[in-house]
Structure formats: structure tokens, C-alpha cells
Amino acid sequence: MNSQGLEQYCRDGERADTYLRQGRAIDALKIYSDVVKRIENEGEMDSYLLAKVTLGVLRCQIKLNDYKSAFSVWNATLDDGIFGIGIYALESAQTTVQDMITYDMLCAFLHTLADADKKEASSAVNQYMSRVCEHALDEGDRKLLVQGLSNWKQHLREIWGNSIPHQFAVPLIRFEKEIGTPVVPQPIDFPWPTAWEKPSDFREMSRVVQLKKPSHKGSEPKKKRA
């Protein structure tokens, strides 16, 4: 993909991100969807760009409570086209660390909705949120740590109700001790991704598609949230 084309996509992506920050998820989703259609028509793939647009689409769908569509994107494979490559790119470090932290938090949220065994869902949530909180501690980002712990508590309660087995609460308790006081749950939220300008050191997807496949996730949401 030439630099001029990539820059135009990035400008469109920034506009969509702005709409999403303003609470205009439907308008944002229209722009992301247009970007996806143009990429499909042009046939030129850029792993960074696909990671960004897929992340934006997932955020919109979750914001709109369209969990069935979110699960469809989240479970897409390399054979499924744009979103499959986008998910692979997100899971293969083809975007910024902050974007990957945002994706980890979205994954943890979706695991709480998946039609899966409670132990399996809890283990996945703990894996994603441990990674988020470890990053927050390394960066000294207290805001992210508090939001991560808040989300984490609510995810485990969504899975287990008020009787969370101790073995699944241990990682959460360990990170909460770093705060020094119990974290009062806030509304579930996710960090904003970084700007769309592509860093100069990212590789193209064609060079990394053989590295690994996305991990298994729940295939369908178990229920709608209010």
C-alpha cells in the first residue's frame, strides 16, 4: 500500500475515532465499514491498518450492544477476509502496545459473555487482565490499573455472581494490593487506542501470517446485557 493511500485511510480512521469518543458510535461504524469496503476493493493489505480498523469496529459493536456482530468479528480467522486478518494482526503485535492493551480488555469483556464453561471463561479473563494490570504497573499508569481492576471485578462477578471461587480471585487480589485500597467498581470502560499514524517499524502482514493462529474464544454470546 502506498504512503498516500495509507495516509488517507488513517485520516478517515481518526475521524471515526473522534466520532466514537463523542458517543456517535453509529457514525463511527459507518466510516470504519467504508474503510473495510475500500480495502477489500483495492486488494492491498496492510497489517497495521487492518488491526486499527478491526479494533475500531469491535469497540463500536460493543458500544452499540451488538454482541452477535462483535463475536463474529472476534472469531474471524485468516480465511474469513479483512476482519480475520485484522484479528490476527491484533494478536500478532502488528499495532502499538496501547492498542493491544485495549484489545486485551475487549477480549476479557467478551469472554464474560461467551457461551463457555465458567472456569474456562474465568481463566481467560484472568490471563487478559493480568497482562493489562502488569503493563499498568510497569508504566506507572494508575488510571489504567484502577480501570483494569474495576473491569476485572465486574467480569468475574458476571461469570460467577457474588460467589467467586478463591482460586479465580487470587490474581485480582494480588494486583489490587498494589493499589493499597479496595477498588470500587466503575462503569466498564476501555482505554482509547493510539492515533492512526503508522509507526515506521511495523512489518506487513504477508511476512507474519505463518507465525501463529488466534486462540479459541466463545463462539456466541450467552446473553444480551441490559
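Tabulated data for the structure shown
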{"item": "Among the residues listed as Asp46, Asp34, the single one being in contact with a helix residue (DSSP H, G or I) (Cβ under 8 Å, 6 or more places away or on another chain), among the acidic types (Asp, Glu) and buried (at least 21 other Cβ atoms within 10 Å of the Cβ)", "result": "Asp46"}
{"item": "Selected residue [at positive phi and part of a loop (DSSP other than H, G, I, E, B)] from Ala93, Ala116", "result": "Ala93"}
{"item": "Filter result for the condition that a residue is surrounded by fewer than 22 Cβ atoms within 10 Å (Cβ to Cβ) and either small (Gly, Ala, Ser) or modelled with pLDDT of 95 or more (or both), over Arg24, Arg59", "result": "Arg24"}
{"item": "Any hit, the range 181-188, residues being in contact (Cβ under 8 Å) with a residue 60 or more places away in the chain, within 20 Å of Cys107 (Cβ to Cβ) and part of a loop (DSSP other than H, G, I, E, B)", "result": "yes"}
{"item": "Identity of the residue in the range 59-88, assigned to a helix (DSSP H, G or I) and among the polar types (S, T, N, Q), that ends up farthest from Ala116 (Cα to Cα)", "result": "Gln61"}
{"item": "Candidates Phe175, Phe190, filtered to the one that is at pLDDT 65 or above, aromatic (Phe, Trp, Tyr) and more than 30 Å from Val53 (Cα to Cα)", "result": "Phe175"}
{"item": "Members of the range 53-74 found to be under 12 Å from the mean Cα position of the chain (by Cα) and over 26 Å from Val146 (Cβ atoms), listed by number", "result": "Val53, Thr54, Val57, Phe71, Val73"}
{"item": "Contacts under 6 angstrom Cβ, first residue in the range 69-90 being at negative phi, partner of a type in the set (Gly, Ala, Ser) and in a helix (DSSP H, G or I), 6 or more apart", "result": "Ala76/Gly84; Thr77/Gly84; Leu78/Gly84; Gly86/Ala51; Ala89/Ser47; Ala89/Ala51; Leu90/Ala51"}
{"item": "Residue in the range 51-68 that is closer than 21 Å to Met105 by Cα and in contact with a strand residue (DSSP E or B) (Cβ under 6 Å, 6 or more places away or on another chain) present", "result": "yes"}
{"item": "So Leu172, is it in contact with a helix residue (DSSP H, G or I) (Cβ under 6 Å, 6 or more places away or on another chain) and within 24 Å of Leu20 (Cα to Cα)", "result": "no"}
{"item": "Flag if Lys143 is outside any helix (DSSP H, G or I), under 20 Å from the mean Cα position of the chain (by Cα) and either charged (D, E, K, R) or crowded, with 22+ Cβ neighbours inside 10 Å (or both)", "result": "no"}
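Each row is one residue, and each column tells you yes or no for (1) free of Cβ contacts under 8 Å to residues at least 12 places away in the same chain; (2) part of a helix (DSSP H, G or I); (3) under 24 Å from Lys119 (Cα atoms).
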| residue | (1), (2), (3) |
| --- | --- |
| Arg131 | no, yes, yes |
| Leu137 | no, yes, no |
| His155 | no, yes, yes |
| Asn162 | yes, no, yes |
| Ala195 | no, no, no |
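The values are calculated or read from the model by the stated rules, or taken from the named source; none is laboratory data. What you are looking at is a predicted structure, and each value in this text was computed from that prediction instead of being measured. Cβ coordinates were reconstructed from backbone atoms using ideal geometry, including for glycine residues, and neighbour counts include every protein chain displayed.
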